[in-house]
Structures are given as C-alpha cells and as structure tokens.
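The values are calculated or read from the model by the stated rules, or taken from the named source; none is laboratory data. Treat the numbers as computed from the prediction; the structure is a model and nothing was measured. Cβ coordinates were reconstructed from backbone atoms using ideal geometry, including for glycine residues, and neighbour counts include every protein chain displayed.
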Amino acid sequence: MPGNAMERDQHMKKYAIALAAIFVLAVACGSAGTPEQVVQKFLDAWNNGDGDGVVSCMSSESLIELDGFIEILRVAPDESVAQLAMMGLEFTPEEVADLTAGQFFTAMLTSEAGSAEMPDLSNVVIGETTISEDGQSAIVNITADGEEEELELLLEDGSWKISKTPE
C-alpha cells in the first residue's frame, strides 16, 4: 500500500525534524549557560588544576597571547625546557613541541613553583552580573580577599567565554 508507506515516511520525517530541533535547542541552551556558571566553571577548573577546563572558559581573543607564547616555546623545544624548568615546570623537548595551552595551565597550576606565582582563587565570591543590551557581553562582579573586581565575558559561538580578567 503506497499510501501507508508515504504516510509512514512523512511521519518519520516529522519525527526526525522534531528530534533534531530538540537536540539543537538542548545543545544551544546547555552550552551557553549563564555568565555566572562559566565563571564558576573557570574557578573550579583553576582551583582543581584543570588547565583544559580553564582554557575552555576563555574567549579566543583572550587566548591569543597565551597561544603566541606557546608557539615561541615550540620553535626551540630544547631551549624552552630549560626556561620552563626555571619556572618550576618539567617538560621534555617532545612535550614542548606538542604543548597546548591547557597543558601549560595544568602544569602551572599543579606545580609547587608555578602555583606560587598564580593568584589564589579559592575564596572568590561571585556577585552581580550585568548583561549588555545586545546580549553579547556581560560583566560579572567578583570579590576575592575583600577586593572587588570585574570579569568581562563575551558570547562566542553560543557560549559565554571570559574575555578580560582583572590585571
């Protein structure tokens, strides 16, 4: 019966489209989160020594300088090993040649010497958030050690990313 097959195909097509729409909405809503959630994810990753987690919260613009530094290290891996060792970071030339920003942050956050140079973010309190009128940027107020600071976030490919941190 051609009518039944055609109806079944149309029903399946509508079902597939509905599932696809639900999936897209779930991904879009789930990935963006809120600015506060991204700041909390960043803080959790920082405090747990998860460099990949830290990097995943940063905007592409904020990673440019770090990526440039990593590229410089990759040019001369043997020399970079000595420079990194002075920072308390142990890498082989092969590891430096394939170094990622996430690996660098993990090393900095988990080594005794590296972590001593990094700010302590274990007591940060997330405050008020202001989202711009166009919904493309936000400011999240944070307090650490009694000092108030602002984190700037951008909406990048549907997800909030930290663009600017306190100097």
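Among the residues making up segment 86-118, those that are within 19 Å of Asp52 (Cβ to Cβ) and hydroxyl-bearing (Ser, Thr, Tyr) are Thr100, Thr106, Thr110, Ser111, Ser115.
Checked against (1) surrounded by fewer than 17 Cβ atoms within 10 Å (Cβ to Cβ); (2) at pLDDT 95 or above; (3) not hydroxyl-bearing (Ser, Thr, Tyr), Pro35 passes all but a single condition, namely (1). Helices (runs of 4 or more DSSP H) fully within segment 84-167 that include at least 1 residues being in contact with a Ser or Thr (Cβ under 7 Å, 6 or more places away or on another chain): 93-97, 101-110. Restricting the first member to segment 114-126 and to residues that are among the charged types (D, E, K, R), and the second to residues that are surrounded by 12 or more Cβ atoms within 10 Å (Cβ to Cβ) and not in a helix (DSSP H, G or I), the beta-carbon pairs closer than 9 Å and six or more apart or on different chains are Glu117/Met87; Glu117/Gly88; Asp120/Ala144. Within segment 121-167, being in contact with a strand residue (DSSP E or B) (Cβ under 8 Å, 6 or more places away or on another chain) and among the charged types (D, E, K, R) holds for Glu128, Glu148, Glu149, Glu150, Glu152, Lys161, Lys164.
Filtering segment 43-59 to residues that are closer than 14 Å to Ala101 by Cβ and assigned to a helix (DSSP H, G or I) leaves Ala45, Trp46, Gly51, Asp52, Gly53, Val54, Val55, Ser56. Residues in segment 102-121 that are among the small types (Gly, Ala, Ser) and at pLDDT below 90 were compared, and the one that is surrounded by the fewest Cβ atoms within 10 Å (Cβ to Cβ) is Ala116. When residues in segment 50-66 are screened for being in contact (Cβ under 8 Å) with a residue 12 or more places away in the chain and either touching a Pro at 6+ places or on another chain (Cβ under 6 Å) or surrounded by fewer than 13 Cβ atoms within 10 Å (Cβ to Cβ) (or both), 2 of them pass.
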